[in-house]
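Okay, so here's the structure we're looking at.
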Amino acid sequence: MRPATSATTVLDSLLFRDAFGTPRMREVFSDYALVSRYAEVEIALAKAEAKCGVIPADAAEAIAKRTDVSVLDFELLRTETDNVGYPILPLVHQMAKQCGDAGRYVHWGATTQDIMDTAVVLQVREGLKLIEDDITALRGILANLSRRHRDTPMAGRTHLQQALPVTFGYKTSIWLAMFDRHAERLEQLKPRVLVGQFAGAAGTLASLGDKGFDVQAALCEELGLGVSVSTWHVARDGFAEVVNLLALVAGSLGKIALDIMIMASTEFAEVYEPFVKGRGASSTMPQKRNPISSELVLAAAKAVRQHAGLMLDASIQDFERATGPWHAEWIAVPESFVLTAGALHQAKFALGGLIVDEAQMAKNLDIRRGLIVAEAVMMGLAPQLGRQEAHDVVYDACRRANEEHISLKDALSSDAKVTSRIDRATIERLTSPGNYLGLAPQMVDRVLASKQREN
């Protein structure tokens, strides 16, 4: 049977929509929700204008009472929007018809962009609440991982090469600190972004005479939004900031996803996404267990990054009303929210049940037979030999260990320059990776102590 849906993108696809988004965020940015927000702003405007004596109070009451989005003709709305280019005039036509005589006061003194921008702000407010809740949950997951693995040693890697020992908790605490900062950024942008737009045709409120500022303030009060100090029809930094925040969130998720995918590879085998029968299965290779959630997160991060660039490009607008850049926001804002919500959902799943193989981490840490702590040995010998000679001695020992396939401690123990100054027990202590973690565990403590944690 042919599916009822005719979606063409992953955001609404019957097959992929829950891989790249969440039902709750899709609903926030659905057509029905958007038109409902338009109507909500029009009703709030009527109430504000009645409060300020601009339109009759009974007209505002009728508009609020009779407007019913559920019985709108959405097919007519679609065809008229296609013709007009914007959905507000077609909506006003239907609202005015619903409201009878009071309908003549619908959209009084407003311009299309006032209604559309303010409606999007209402969507953004609701969307940010969902993102905020997901970030809070993810921070809790990362905090738990950091506590649990505070002292779990593993190989730290730079340029994809083993560098020095770290702990897995140290790694996850770095992830956690990123999301602590994202939570701060989200809270800080709210006063800048969650403001209403009501300024009239060219942004001067000319149609309302000396009542303009009063209506503007009353409208924002009705909707629970802040009042902008200036018209922002062509000043789009607020929405650009939101989408770029989402890109930062998605980028951090992408970094985590990339780490997980590499660490889950056969040769590393240090972590795995939670086991669910059939998840990540290959159609031809029964042994495969692909890191599906991480792959989806990485793809979403790349897409949101593109939208961040689109929003910055769209912020370059002409004169007092844009000729096209504004329309690009209609693509970037909803898609960025849905994709980020989807990425957070996948990340919560992957990290919430992450399987950490501590034994494999320890095995990988010792894979180069002590060479990972060559720096520790060099610093241990430096007081007796001087730093440069200690460097040269350890360098030669590392080369010999590689060529002869022996451990670093054995290579050092066969060098009279070393054994004449330190004993075998000291060599073993210096070449034990677990003894050279630096302040990694304490850094975990510092991240955990830096914010109020629920768990």
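The values are calculated or read from the model by the stated rules, or taken from the named source; none is laboratory data. Note that this is a predicted model, so its numbers are computed, not measured. We place every Cβ from the backbone using ideal geometry, glycine too, and count neighbours over all the protein chains shown.
Points worth noting:
- Any chance ILE141 is part of a helix (DSSP H, G or I), assigned by TED's automatic domain parsing to the domain that holds LEU246 and touching a Gly at 6+ places or on another chain (Cβ under 8 Å): yes
- Restricting the range 270-292 to residues that are exposed (fewer than 15 other Cβ atoms within 10 Å of the Cβ) and within 21 Å of THR172 (Cβ to Cβ), the residue that is modelled with the highest pLDDT: PRO274
- Only residues that are over 14 Å from GLN384 (Cα atoms) and either assigned to a loop (DSSP other than H, G, I, E, B) or of a type in the set (Phe, Trp, Tyr) (or both) were counted in the range 412-421, giving 2.
- Of all the listed residues (VAL120, VAL84, VAL106, VAL124), the sole one being in contact with a helix residue (DSSP H, G or I) (Cβ under 7 Å, 6 or more places away or on another chain), without any contact (Cβ under 8 Å) to a residue 40 or more places away in the chain and of a type in the set (A, V, I, L, M) is VAL84.
- The number of residues in the range 42-59 that are within 43 Å of the chain's Cα centre (by Cα) and assigned to a helix (DSSP H, G or I) comes to 10.
- Complete set of residues in the range 69-89 that are surrounded by 12 or more Cβ atoms within 10 Å (Cβ to Cβ) and not in a helix (DSSP H, G or I): LEU72, ASP73, TYR86, PRO87
- Residue in the range 233-252 that is in a strand (DSSP E or B), surrounded by fewer than 21 Cβ atoms within 10 Å (Cβ to Cβ), out of contact with any Lys or Arg (no Cβ under 7 Å at 6 or more places or on another chain) and not β-branched (Val, Ile, Thr) present: no
- Residue within the range 74-85 that is closer than 29 Å to LEU339 by Cα and touching a Phe, Trp or Tyr at 6+ places or on another chain (Cβ under 9 Å) present: yes
- Put simply, of LEU208, LEU189 the only residue that is at pLDDT 95 or above and in a helix (DSSP H, G or I) is LEU189.
- Enumeration of residues in the range 224-259 that are touching a strand residue (DSSP E or B) at 6+ places or on another chain (Cβ under 6 Å) and at pLDDT 95 or above: LEU225, GLY226
- Candidate set from the range 20-41 (those that are among the small types (Gly, Ala, Ser) and crowded, with 20+ Cβ neighbours inside 10 Å); member that is farthest from the chain's Cα centre (by Cα): ALA39
- Top-ranked residue in the range 168-226 [being over 19 Å from LEU248 (Cα atoms) and among the acidic types (Asp, Glu); ranked as surrounded by the fewest Cβ atoms within 10 Å (Cβ to Cβ)]: ASP210
- Residue within the range 422-440 that is in contact (Cβ under 8 Å) with a residue 24 or more places away in the chain, in a helix (DSSP H, G or I) and closer than 30 Å to ILE135 by Cα present: yes
- Residue in the range 152-159 that is modelled with pLDDT of 95 or more and surrounded by fewer than 23 Cβ atoms within 10 Å (Cβ to Cβ) present: yes
- A single member of ARG157, ARG139, ARG181 is of a type outside the set (A, V, I, L, M) and in contact (Cβ under 8 Å) with a residue 12 or more places away in the chain, and it is ARG139.
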